[in-house]
1. Looking only at other chains, what is the average number of their beta-carbon atoms within 10 angstrom of each beta-carbon in A:157-167?
2. Please arrange B:Asp495, B:Asp221, B:Asp323 by counting, for each residue, the other beta carbons lying within 10 Å of its beta carbon, fewest first.
3. In nm to one decimal, list the spacings between the B:Asn264 label point and its equivalents in the other copies, with label points set 7 Å along Cα to Cβ, shortest first.
4. Rounding to the nearest 20 debye, state how big the charge dipole of segment B:7-99 is about its Cα centre with +1 on each Lys and Arg Cβ and -1 on each Asp and Glu Cβ.
5. Once you've got the Cα coordinates, tell me which of B:Lys258/B:Lys585; B:Lys362/B:Lys582; B:Lys379/B:Lys585 are over 23 Å apart.
6. Rounding to the nearest 10 and keeping the result within 0 to 90°, find how far the Cα-based axis of helix B:574-585 lies from the longest principal axis of chain B.
7. Hey, if you put +1 on the Cβ of every Lys and Arg and -1 on every Asp and Glu Cβ in chain B, which of B:Val121, B:Leu204, B:Val136 ends up farthest toward the positive end of that dipole?
8. Would you tell me the mean number of C-beta atoms belonging to other protein chains that fall within 10 Å of each C-beta in B:133-146, as a whole number?
2 protein chains.
Amino acid sequence: MAKSADFQVRLQPIGKRVAAAPDVSLFEAARESGIDLASACGGEGNCGQCRIVVLAGETTPPNFDEKFILTELELKQGERLACCTYARSDLTVNIPRDSLITGQRLQIAGDLRQIAPDPLVRAYPLQLAPPTLADVRPDLTRIADGLAEAVGLRGVFADPAVMRTISPAVRQTDWRFTVFVRDDREIVGIGEWGKRPSGFAVDLGTTKIAAYLVDLETGADLAAAGAPNPQIGYGEDVISRLNHVHRHPDGGRVLAGKVRETLNELLTELLSQAGITSDQVVEACIVGNTAMTHLLLQLPVRQLATAPYVAAVGTALQVRAADLELTTAPGATVYIPPCIGGFVGADHVAMILACDLDQHDKVVLGVDIGTNTEIAIRKPGMSFLTSASCASGPAFEGAHISDGMRAATGAIEKVRITDADVELTTIGDGPAVGLCGSGIVDVAAELYHAGLINQRGRFDKTSERVGNGRFGPEFCLVPAGKSGNGRDVVITQKDVNEIQLAKGAIHAGLQILLEATHTAPEEVEEVIIAGAFGSFLNVRNAIAMGLFPELPRAQYRQVGNAAVVGAKWMLISRAARARAEKIAKGTNYNELTIYPKFSRKFALGMLFPEPP
Amino acid sequence: MAKSADFQVRLQPIGKRVAAAPDVSLFEAARESGIDLASACGGEGNCGQCRIVVLAGETTPPNFDEKFILTELELKQGERLACCTYARSDLTVNIPRDSLITGQRLQIAGDLRQIAPDPLVRAYPLQLAPPTLADVRPDLTRIADGLAEAVGLRGVFADPAVMRTISPAVRQTDWRFTVFVRDDREIVGIGEWGKRPSGFAVDLGTTKIAAYLVDLETGADLAAAGAPNPQIGYGEDVISRLNHVHRHPDGGRVLAGKVRETLNELLTELLSQAGITSDQVVEACIVGNTAMTHLLLQLPVRQLATAPYVAAVGTALQVRAADLELTTAPGATVYIPPCIGGFVGADHVAMILACDLDQHDKVVLGVDIGTNTEIAIRKPGMSFLTSASCASGPAFEGAHISDGMRAATGAIEKVRITDADVELTTIGDGPAVGLCGSGIVDVAAELYHAGLINQRGRFDKTSERVGNGRFGPEFCLVPAGKSGNGRDVVITQKDVNEIQLAKGAIHAGLQILLEATHTAPEEVEEVIIAGAFGSFLNVRNAIAMGLFPELPRAQYRQVGNAAVVGAKWMLISRAARARAEKIAKGTNYNELTIYPKFSRKFALGMLFPEPP
């Protein structure tokens, strides 16, 4: 809320005024007014994405982070990082296009099949005679009797949170309403007459959150939305977040609160898109890796952060949405599928489920690329699946890359380096402002193909196409004059090294999993690439840079965010939940780092492959 | 916590200093420091029980309530009501003995039988091998496997609140601990090795709360405690509390919070008495009338306060103790038995259960006297019980009576008026300061017997023993010189009228219930008198004043607080819960006020009976 001590900040060119308290950064102030600036670090002064230009007014002077990230010229021209800048008077501020998150590309589910809904929660319309002095049955009893008479349900009950809403609700609707009943025995809420039951499916990634609103009866998507995981500000990777909780007495509550808040914001957005009300959200399914679900549930994580890395809970959970402070029907339940081991969580189970890896009659590899990359292999002869997890880092999500960014408007998604030129495609076709994951893979493959980097990833400094930047050799994709933000879009030596680390980890994971199951690479009949980044990837380039094994292109199948599709399946179908629980039990987990050959395979995987 | 702005108040003769903020009454300030002053009104300036004498220092001047209750002389001598007085400097204050709650008599369960424990929660000692890199089962899975191996339990689960405590708890105990498991399937908490499971049984009365701590395995009482219902400050009777909630948007939360806070205080006291820890409190059973349980659970009450007076919920409830903010084991459950109708609640079911009214082979009347008096009749020929509820008011609990008080030290509990003198007994044998319930009945019966009041309850103003006080004719039981507070202890015309209203209501209820079941009074073979007040009552005098029907004394049985005994039974026994649910279904409720003869019977019941 705006207080008298707040300064007024006029944001251009969008023409919005926001209030900014003196102790709140402009990044935060904008966010509080619903304007999200780009950020990979969550406002920690690390990523340099939230650039703004202060046109008029007084602010705090540039801090250490800004002096490191911005050039002297940029600072002189009024460029600042919104997360490091605090108002000291009313301000006028320009937000460059690439700092504004608009039109972020939603992760589309590829060619995964649909399943028949078989939901736990059903809607029953009821019309009842109101109480009289001659019939003083308690309200809950009256509804239970009504359900028994109308649809034959016996012995329904309700949680106190639901009981608190029933008496006013039935009177507001004049005793003509919809009862949402879970598993034919528990009333989870009361809606207006004729309202349909819907559910909330979430893939809670370390970096990104993808969410869907789904009609429980038809299985149809009602709306989709995504957001960065707000815990990023407390650590980009899983371990640093767990350590944060360990070091701060209140850390668990704060990190749980952050992500719950974002889930509620997503839910609000989805409800508004779909035009339905929160009391119709009667069930949810949230998948994520073990650390993400532990942090969401505010479970103890100390034992998860130190060897032997033990989860507090690994079985499937059914938790009250109210316990997670979600704004749903009062009795809604959140289903969290079981996990497989250490950090291989419910999201991996969801991916295996949605890709039908447990039911394939071929040798199939499933790869879900994210901050952690999970790999599973299915061999029809074996009664179980085998899986592994590699710490691939967030490079393919645009983090740790100088001009990396999320897959939003202005992100370079395709690159071709010809002898004379660079051809590229951006999301939204506008001027380029950075590189998203698929562009990063293309750049790496193309630089190698063009001989501008060698097998070890070193730039050819002798080439006139390789420039010399602040951090050593670099390749300019888009010169400042043509870019969308007035700065060169480049790829540096450090960026190439980051990409090599990521591909090294994934390569090692794939190799070890194949060896552990005595599978030769050529035996693999299908490779399913799941994950947000995987769906826009140029597979030929991914093979060329050595990210994936050299198999015929036709054997690769890009299925998009399979984890969220798995979450949707479990949201709408009891049978899918039963299958997920079977998958978790029937999957062998391989801890990669205990394999003696891991380091060697990792190092080998960092090299670019010999040209064919 | 004491703040710098607080004044210091020295309380004499107990020699304790307490801090008092300028906006906190001395009554509140004392309470916050653990010193409870007597009060029937909860600190609302109505009852005049929290008298203090300000010996030194500045306070706010006497307010309207004080000027009404205290005489000019008393005010001159520095007497004040603690609930109306606020410090304006450091103070020295004297607390007269009768204002201090000490030695309040606990309600003893009379000759009710004991039942065999058959508890829902059991304790299992476990010693497990800690996780290693070769065995990274999640903690909950490890415990579940341990329980399966040790005692054959399969598929145990836990609530997130419990999961949050398990991982640190098992590590603190070096994997040697006690698991408390409910219904052989749900872990409700972890305790130290060898700890026993205990439970919390509560009779949540409109005026008083009685609570026990019970060993679940033996059924033995570990500790007992009582407290006034703190909601009294929001209305002495049920309807005014419900109206308070209706009129105040936040009322439901506040009233629930008040009673939950007192329950936690009682629990702390019980734990300290018994020398056990809160994580051993693994189950609870709370009984109360429908309004009390609705307010505790913060259920909607608007429909309960207006015709046709419908409960939101009437069935048995199992609620998380954490939902009621009780400090117990994290997964403890509170069982609230079903109610019978309108205002006839779980406490009445508990009383019927503990008195075995449902299993008697005689014609039995069960009477539970309280602010509302519940009556049940058992006729062996009939397949059901019949019950009714009368609004008898709090007179027998000492409220609405000029010198009425709770059954605490200095309360007159027995009275005999001889031709020349008054003989009396006080609780603790100290000087008299007021009258508790049994004393009130004695006084009424003895005044009538001595001819000092007539059949209509009017004082004989011509008698020299009848004085003339501020409120008309009165009888002095103890002159100021001999009392414990330097004031006359009297019974006034208004007091006699209050007693008549109470007995009129109970009499009408009994009469109508007998008629409704076609039972002549002489057919009644046993009258069970339950309730705190009933256990110390002189039955002969109760018959003489017309409170009870004229039956041989031997047919009366005083069983004390049967409701809390019923709560203890349901706490320790599944069979008792099953019986309670059968009782609730098999009891016909009679709404007294719709009987055409009610008013006439009420009026007749107010009269004192013809002398035999």
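Where a number appears in this text, it was derived from the coordinates with a stated rule and is not lab data. From a predicted model like this one, the values you see are computed outputs, not experimental measurements. No Cβ is skipped: glycine too gets one built from the backbone with ideal geometry, and neighbour counts run over all protein chains shown.
1. Average neighbour count from other chains, rounded to a whole number: 6.
2. B:Asp221, B:Asp323, B:Asp495
3. 2.2
4. Using Cβ point charges on Lys, Arg, Asp and Glu, segment B:7-99 gives about 300 debye.
5. Among B:Lys258/B:Lys585; B:Lys362/B:Lys582; B:Lys379/B:Lys585, the Cα-Cα distance tops 23 Å for B:Lys258/B:Lys585.
6. For helix B:574-585, the angle is close to 50 degrees.
7. Ranked along the dipole, the leading option is B:Val136.
8. Mean inter-chain Cβ contacts per residue within 10 Å come to 5.
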